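The values are calculated or read from the model by the stated rules, or taken from the named source; none is laboratory data. Since the structure is predicted, the reported quantities are computational estimates derived from the model, not experimental observations. So basically every Cβ, Gly included, is an ideal-geometry build from the backbone, and we count neighbours across all protein chains shown.
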Amino acid sequence: MKYYIKTYGCQMNQRDSESAGVMLEAHGYIETKIEEEADVLIFNTCSVREQAERKAIGKIGILKRLKKKRPDIFIGVMGCMAQNKGAELLKTLPHLDFVIGTDKLHELPEIINAEKKERYKDVRLETDYDVLTSMSGHHVNAKQSVSAYIAIMRGCNRFCSYCIVPFVRGREKSRKISDIVDEAKKLVEDGIKEVYLLGQNVAGFGLDGASPSMTRKESPFAELLYELNKIEGLYRIRWISPHPAYFNDALIDAIIDCDKVCKSVHLPLQSGSNEILKRMNRPYTAEDYLSIVKKLKSKCKEITFSTDIIVGFPGETDDDFLATCAIMDEVKFDNAYLFKYSPREKTKAAEYADQLSQEIKEERHSILLKKLGKSATSNNLSCVGNTYDVLVEGASKRNSKRWTGRADGNQVVVFEPKDKVEVGDIVQIKIKESSSMTLFGAMQ
Ligand code: SAH
Ligand code: SF4
Ligand code: F3S
């Protein structure tokens with residue numbers, strides 16, 4: 001029996017798809033990348049913007065033909081859109097067999113192994129803490145990949161006024177530090193060199209009380225970083241996403257103290273205007289944001305920053321937008337995910353009367369894109385002449401003579417190997433040239 005799984009959305013969903021695959025393989029399924037030869041097809045979906053939902057629905061719609069030709073195949077939807085739309089999806093897409101919500105990931109094998117007549121039209125959407133037990137399975141191939149994702153928590157309690165995630169991923173549920181450390185150790189034994197910790201609010205990790213040992217006022221996220229930093233054979237620790245309101249001094253110290261924690265911080269800004277931040281229900285100001293950046297920069301000159309920004313939030317005036325531009329000019333991000341505001345059902349901001357036109361969103365988006373191009377280009381140019389430790393990721397797809405890897409600051413580094421190199425090696429590369437996206441250098 002073969003399964004096919006297609007993932008939409010963020011790294012959290014990629015991680016869930018990987019866990020789902022491992023669970024199915026434990027029940028005798030083999031992965032295929034070809035839809036036509038699969039017995040089970042699963043779509044792991046995203047709801048964060050309207051476009052994301054439209055894409056998945058379009059794709060599943062096309063499969064009607066395949067289901068007609070092979071009525072025995074089994075098609076299911078999991079992830080955020082499954083949770084969001086629930087049984088309604090079975091009406092819009094009548095060839096669909098099951099809908100499994102974000103807290104029911106661990107029940108996937110049960111649904112798939114059920115008697116054929118029972119498994120049709122199965123919809124499971126309830127809150128379930130047992131989902132935390134299904135989060136540690138990995139597909140590791142250290143010859144191909146140096147890095148692995150570890151989901152340290154699920155859900156979000158923040159309810160930013162634009163965001164659907166708390167409605168579709170449920171309340172925050174943090175895993176135990178010991179389980180996360182064990183998972184990381186196992187990955188390192190299997191050859192992984194870098195772990196990427198995932199959560200919607202990692203700086204608030206452990207505050208949800210999902211694990212009774214972790215009901216505290218201050219998040220033990222910094223503690224988790226110190227514990228992971230002790231793992232022998234692990235080279236690098238990266239993590240997303242911290243909410244600035246939870247970014248305390250203990251976390252700043254941990255980033256600086258832990259040599260394996262990369263000096264590259266993804267710090268979602270969303271807007272540079274205090275008025276808009278208030279309306280977004282993001283309880284920090286532009287000044288608070290800049291103070292975190294300044295503290296980190298004062299302790300580590302080379303630290304790099306990336307961010308998420310939404311343009312065209314309801315009521316965003318020219319001055320509000322200029323405030324966002326000013327922060328971009330000041331922080332000089334290496335990378336930024338720039339989004340045009342998309343009204344989402346259930347969220348507060350979708351009901352605000354002062355929605356902006358698509359034209360304004362496009363215009364502001366392109367202004368920020370240009371700013372990002374400028375700052376990324378100039379940051380990369382300032383790396384020329386420096387030598388970096390580069391974690392080798394593999395031969396470049398375009399030119400097999402060239403290899404690529406990443407510096408600690410997350411910059412992509414392209415080089416021609418002098419000696420034999422392998423995926424997972426750390427090599428010293430002196431940077432000779434740069435572009436907005438890439439550093440080019442020579443092996444030392
Ligand atoms: N938990 C993370 C964000 C997860 S969602 C955090 O708080 O930073 C990823 C990004 O999608 C968000 O940072 C936001 O910039 C964007 N986003 C979320 N809802 C959106 C919406 N309705 N329209 C446009 N962008 C949105
Ligand atoms: Fe969405 Fe805000 Fe939660 Fe991030 S913190 S997932 S933006 S509600
Ligand atoms: Fe999308 Fe869900 Fe991630 S809405 S961005 S897949 S948490």
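For TYR129, only one of the following conditions fails: (1) in contact with a strand residue (DSSP E or B) (Cβ under 7 Å, 6 or more places away or on another chain); (2) within 16 Å of ligand 2 (Cβ to nearest atom); (3) modelled with pLDDT under 95. What is its number? That leaves (2) as the condition not met.
Only residues that are modelled with pLDDT under 95 and closer than 17 Å to ILE192 by Cβ were counted in segment 202-244, giving 0.
Every test in (1) closer than 30 Å to GLN83 by Cα; (2) more than 16 Å from ligand 3 (Cβ to nearest atom) is passed by ARG344 save one, and that test is (2).
Only a single criterion out of (1) farther than 20 Å from SER264 by Cβ; (2) in contact (Cβ under 8 Å) with a residue 40 or more places away in the chain; (3) not in a strand (DSSP E or B) is not satisfied by GLU433, namely (3).
Applying the set (1) within 19 Å of LYS85 (Cα to Cα); (2) more than 16 Å from ligand 2 (Cβ to nearest atom); (3) within 20 Å of the chain's Cα centre (by Cα) to GLY58 leaves exactly one unmet item: (3). Name the single residue that is nearest to the chain's Cα centre (by Cα) among those in segment 157-196 being within 15 Å of ligand 3 (Cβ to nearest atom) and assigned to a strand (DSSP E or B). For segment 157-196, the residue satisfying everything is TYR196. Contact map, segment 230-250: residues that are among the hydroxyl-bearing types (Ser, Thr, Tyr) paired with residues that are within 16 Å of ligand 3 (Cβ to nearest atom), Cβ distance under 7 Å, separation 6+ or inter-chain. Pairs shown: SER241/GLN200; SER241/VAL202; SER241/HIS266; SER241/PRO268; TYR246/ASN201; TYR246/GLY204. Count of segment 216-230 residues, restricted to those that are of a type in the set (A, V, I, L, M) and either surrounded by fewer than 17 Cβ atoms within 10 Å (Cβ to Cβ) or touching a strand residue (DSSP E or B) at 6+ places or on another chain (Cβ under 7 Å) (or both), is 2. Would it be correct to say that ILE60 is under 16 Å from HIS27 (Cβ atoms), more than 16 Å from ligand 1 (Cβ to nearest atom) and hydrophobic (A, V, I, L, M, F, W, C)? So ILE60 does not fit the description; no.
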